[in-house]
Amino acid sequence: MATHVEAEIASQPDCWHRAAELAAQSRGTLPETGERVAVIGCGTSLFMGQAYAALRESSGQGVTDAFAASEFPGVRSYDRVIALTRSGTTTEVLTLLERVAGQVRTSAVTADPDTPVMAAADDVTVLDFADERSVVQTRFATTALTLLRAHLGLHTEAVEHDGRRALAEPLPEGLPDRTQFTFLGTGWTVGLANEAGLKLREAALAWTEAYPAMEYRHGPISIAAPSTATWMLGAAPAGLAEQVRRTGTQWIEGGLDPLAELVRVHRLAVELAAARGLDPDRPRNLTRSVVLAGS
């Protein structure tokens, strides 16, 4: 039986197109060039924030940091705080927005217009067309990042084309037989690697790890073996592929846009879950939103 998450994964390129159009209309509700920005989130949203922060700062558009909402520092000065929250109800996000209210301009990106974040942030962008029935986030996360990426002028139709290829082309052979998966990234794709690892843990209870690519050689490569897979999101640093292949691990370095590579990881998560008799729509111990008692 088809799952909700499968339909949500398949809709991502279309959602990205709509987000890119929306980005062109979001002047003033998202950061202007030169603003000092902090982006906050929890779980998947944190990792999308990491990717955005690296993209924005590396493109020269301003100092940008990413924090777990529960770990936002109180000693730094920002012009704007962006909160990524699919549900609009996550306790740590709402608590942080309340804490900084009146001190800094706040923007939120959410999927649900009928939640507390609508009143908690100064500006809100609603991606209701990317909302999800599955607990596991896929299309909202990548659509929120596309909104932000497009606002930076870094999204093209080629990304959407690669997303459709990621849905249509077969996954590398042998992946369901691997016992462990490591995801690597550089720059903005470190956040994507973190998210790739989380997706396989959530949906399929898989043993996964994620690292900046150059850090992989500083210890983590010791677990590489013929029974494992190492997946590079984006172009690998010189010499890394050859060194990793010598361990016998299955090396994957796709030629698609890294966001489209993440779609391939989403497909793998569903395939692994099915092989293990798990429901990727409702992973154990997880809920759509973390709302703490007494909040």
So, with points 7 Å from each Cα along the Cβ direction, the Glu35-Ala225 label distance in nm works out to 5.0 nm
Taking amide H positions as placed 1.01 Å from N in the peptide plane, with prolines and chain starts having none, which residues 5 or more places from Glu209, or on another chain, fall under 5 Å of its amide H?
Phe181, Thr182, Phe183
Of Leu94, Leu147, which has the most accessible area and how do the rest follow, probe 1.4 Å?
Leu94, Leu147
According to the Cα gyration tensor, what semi-axes, each the square root of 5 times an eigenvalue, does the equivalent ellipsoid of segment 1-73 have, listed from largest to smallest in whole Å?
26, 18, 10
Can you tell me the Rg and the Dmax, both Å, for the Cα atoms in segment 98-150?
12.1, 35
Starting from the eigenvalues of the Cα gyration tensor, five times each then square-rooted, give me the equivalent ellipsoid semi-axes of segment 184-290, largest first, whole Å.
25, 15, 12
5 angstrom amide H check on Arg36, placed H, neighbours 5+ away
Asp79, Arg80
Share of pairwise Cα separations in segment 107-200, more than 21 Å, in percent:
48 percent
Filtered chymotrypsin sites (Phe, Trp or Tyr not before Pro), segment 141-247: DSSP coil and at most 16 other beta carbons within 10 Å:
Trp207
Taking the structure as given and computing mean projected area of the Cα convex hull in nm², which label from (i) 24.1; (ii) 15.2; (iii) 28.4 fits?
(ii)
Convex hull projection area averaged over all views, segment 1-129, Cα basis, nm²
8.4 nm²
Segment 75-206, relative contact order in percent, only Cα pairs under 8 angstrom and at least six apart counted:
16 percent
Expressed as a fraction of 2.2 N^0.38 Å, the rule-of-thumb size for a compact globular protein of N residues, what is the C-alpha radius of gyration of segment 149-195?
1.48
Approximate shape of segment 43-106 as ellipsoid semi-axes (Cα gyration tensor, √5λ), whole Å, largest first:
19, 15, 9
Using only alpha carbon pairs under 8 Å that are at least six residues apart, calculate the relative contact order of the chain and give it in whole percent.
21 percent
222 nm [θ] for the chain, helices only, -39500 (n - 2.57) per DSSP H run of 4+, per residue, to 500?
-11500 deg cm²/dmol
Quick one: longest stretch of the chain between exposed loop trypsin sites (Lys or Arg not before Pro), exposed meaning at most 11 other C-beta atoms within 10 Å and loop per DSSP?
134-245
Which residue fluctuates most in the GNM of the chain (Cα springs below 10 Å): Pro226, Pro283, Pro258?
Pro226
Using a 1.4 Å probe over the heavy atoms of the protein chains, calculate the carbon and sulfur portion of the accessible area of segment 114-223 as a whole percent.
50 percent
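The values are calculated or read from the model by the stated rules, or taken from the named source; none is laboratory data. All figures in this text were calculated on a predicted structure; none of them were measured in a lab. With ideal geometry, Cβ positions are generated from the backbone for all residues, glycine too; neighbour counts draw on all protein chains shown. Heads up: the accessible areas ignore ligands, DNA and RNA and are worked out on the full protein's heavy atoms, side chains in. Shrake-Rupley method; radii C 1.70, N 1.55, O 1.52, S 1.80 Å.
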